[in-house]
1. Test of understanding: among GLY121, GLY173, GLY136, which residue is more than 24 Å from LYS44 (Cβ to Cβ) and in a loop (DSSP other than H, G, I, E, B)?
2. Within region 162-188, how many residues turn out to be out of contact with any Asp or Glu (no Cβ under 9 Å at 6 or more places or on another chain) and either without any contact (Cβ under 8 Å) to a residue 12 or more places away in the chain or within 17 Å of ALA25 (Cα to Cα) (or both)?
3. Of everything in region 117-148 that's of a type in the set (A, V, I, L, M) and open to solvent by less than 70 Å² (accessible area, probe 1.4 Å), which residue is modelled with the lowest pLDDT?
4. On the basis of being under 16 Å from VAL71 (Cα atoms) and crowded, with 16+ Cβ neighbours inside 10 Å, does ILE108 make the cut?
5. Please determine whether any residue of region 197-214 is in contact (Cβ under 8 Å) with a residue 60 or more places away in the chain, exposed (fewer than 15 other Cβ atoms within 10 Å of the Cβ) and among the basic types (Lys, Arg).
6. Would it be correct to say that ALA191 is in contact (Cβ under 8 Å) with a residue 24 or more places away in the chain and touching a strand residue (DSSP E or B) at 6+ places or on another chain (Cβ under 6 Å)?
7. From ALA191, ALA180, grab the single residue that is open to solvent by less than 30 Å² (accessible area, probe 1.4 Å), assigned to a helix (DSSP H, G or I) and of a type in the set (A, V, I, L, M, F, W, C).
8. May I ask you to say which residue of GLU244, GLU261, GLU274 is surrounded by 22 or more Cβ atoms within 10 Å (Cβ to Cβ), charged (D, E, K, R) and farther than 25 Å from GLU13 by Cα?
Amino acid sequence: MKVELFDFYLPEELIAQVPLKERDASRLMVLDKETGEIEHESFKSITHYINKGDCLVLNDTRVLPARLFGVKEDTGAGIEVLLLKQQENDVWETLIKPAKRVKEGTVITFGNGALKATCVGTADHGGRQLKFDYEGIFYEVLESLGEMPLPPYIKEQLDDRERYQTVFSREIGSAAAPTAGLHFTEEILEALREKGVHIAFITLHVGLGTFRPVNAENVEEHEMHSEFYDVSEETAELLNKVREQGGKIITVGTTSTRTLETVGSKNDGRFVKENGWTNIFIYPGYQFKAVDGMITNFHLPKSSLIMLVSALSNRDIIMNAYETAVKEKYRFFSFGDAMFIR
């Protein structure tokens, strides 16, 4: 299957640069995954489309302020570091600019020495392994020195970095937000609970590889980066109960979808307490075993994410929906509008 099949024209002005003033003020495209029928709504109306007995699954990961600006200890040259993945103790896989200046043994200091890092090895795709030294608690040091790593297509500065966190974020570890969750407010979640909708949480720490375009010519040649996930016993039991009672499992975002499909595909569609690393790549032809519907944002052309949503419906229906979204001037990507595929 050619990657070009998932390309589409996107005017640059439709790429949302800042979040809306209110989280739930975004638009919502409701898409019937079988017929392709489209409804245009506001996100607040999501409560009308999820039924009593269904389960909404949210990714509770929290984004690290993972972009650091430091200097080489020996020369004072400026270095930008992006934390990607914690490997062991205080060793992290990172991306560095300019990478050629950082070799094994190079020491980088941040915040007048409040944080130091020593290069202890190289990683895939030109990355570096850094071992950090500090006093106190690492995440507290990072909170004071780091910046939020917004995607490269967002050129504006974020005034309130909590707007790049979901209201239910709690497990620190992502390099990017699970952006479909950004639309939800405590009021919407409470309204769903009052309606009898179950709310479940999983964790998947989002890596930057999730958002990169697929560079292979054929879809099947693409390899996903591994990301850490965790499904609790409480969530597994709830999901099994919902399934047994005939409710639908609706994921919020591609990250929740990939997590449930990773677990469900190993266990004949049932859910178990489990954690580990997943590089599951879902594209048309994949048979879903765990997920019935998904709330998601509008994704980049030729990305693994648009391939995933195409698998939940079909390519023609999704590409037509995206063409409609462009025509109707929906806002795209992280701070953009939402789609409910049901």
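1. GLY136
2. 8
3. Top of the filtered list is ALA123.
4. So ILE108 passes the test.
5. no
6. Against the criterion (in contact (Cβ under 8 Å) with a residue 24 or more places away in the chain and touching a strand residue (DSSP E or B) at 6+ places or on another chain (Cβ under 6 Å)), ALA191 does not qualify.
7. It is ALA180.
8. Among GLU244, GLU261, GLU274, only GLU261 is surrounded by 22 or more Cβ atoms within 10 Å (Cβ to Cβ), charged (D, E, K, R) and farther than 25 Å from GLU13 by Cα.
The values are calculated or read from the model by the stated rules, or taken from the named source; none is laboratory data. Note that the coordinates shown come from a computational prediction; the quantities given were computed from them, not determined experimentally. Heads up, the Cβs are rebuilt from the backbone with ideal geometry, glycines too, and the neighbour counts pull from every protein chain shown. These area figures cover heavy atoms from the full protein model, side chains too; ligands, DNA and RNA do not enter into them. Shrake-Rupley method; radii C 1.70, N 1.55, O 1.52, S 1.80 Å.
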